[in-house]
Amino acid sequence: MFCRECGNKILSESKFCDKCGVNVELVEEPTPVPATPAPKPTPEPENLKPLPDANTETHSITKRSIMHWYFTPLKKYADFSGRASRSEYWMFNLWNALIAFALILIEGGDTTVLAIIYVLAMILPIYAVSVRRLHDINMSGWWMLLSLIPILGALFVISTGCTNSDPVENKYGPNPKLEVS
């Protein structure tokens, strides 16, 4: 099986291309027609079929490149419109924390100039992805101002980061879980 976008060979059970990360329709290599028709697959029982939105976000985490979760929000660093999935939000924040921690370790812990510069450079992208995360749960981005309140703000940010997406299209755009990358 080959990706119709980049031509990379992929496994038949894959829903995403390992090379380009795109949700692709699989294109089979030309094969000779068998002499006898293949048996029709039996339909799955209704109770075993996944829910329409089940595991969409989890599946996309495992099939995308690791750096996808860092560079996608950076490409939209000042875009406060649209929606960001939980995966995009949490993975971007995880990458930022790991990079800042690595910079602190590299500098030896006493002077953290590089880490401070990095965090200051990431303020706009972090707020942009946070506002898009609020849009994903159908809240205005102005709610992000609550993050400036000590303790209460942190609890608010964590709770909105953990809330599931609005399952249908809302006034901020389509559900990012259902979009094709």
Full-extension gain in nm, LEU94 to ASN138, via 0.36 nm per residue minus C-alpha separation: 13.5 nm
Peptide ranges 67-73, 125-131, 145-151 listed from the most packed, as the mean C-beta count within 10 angstrom indicates: 125-131, 67-73, 145-151
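What is the sum of charges around THR160, taking Lys and Arg as +1, Asp and Glu as -1, for the other residues whose C-beta is under 11 Å from the C-beta of THR160? Before the final figure, lay out the partial values.
Numbers: positive: ARG86, ARG133; negative: ASP136.
Spelling it out: positives minus negatives among the neighbours equals +1.
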Modelled FRET efficiency - R0 25 Å, TYR127 with CYS6, Cβ distances, 0.05 increments: 0.15
Distance (nanometres) between label positions extended 7 Å along Cα→Cβ at LEU145 and ILE116: 2.9 nm
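Using the count of nearby Cβ atoms within 10 Å as a rough guide to exposure, how do THR160, THR111 rank from fewest to most?
On the way: THR160 20, THR111 10.
Arranged by neighbour count, lowest to highest, THR160, THR111 become THR111, THR160.
By how many nm would the segment from ALA102 to ASP79 grow when fully extended, if each residue of separation counts as 0.36 nm and the alpha-carbon distance is taken off?
Values: separation 23, 0.36 × 23 = 8.28 nm, distance 2.72 nm.
Working it through step by step, the gained length comes to 5.6 nm.
Each value in this text was obtained by applying a stated rule to the coordinates, not by laboratory testing. Only a predicted model underlies this, so the values are computations on that prediction, with no experimental measurement involved. Counting neighbours? That spans all protein chains shown, and the Cβs are built from the backbone with ideal geometry, glycine included.
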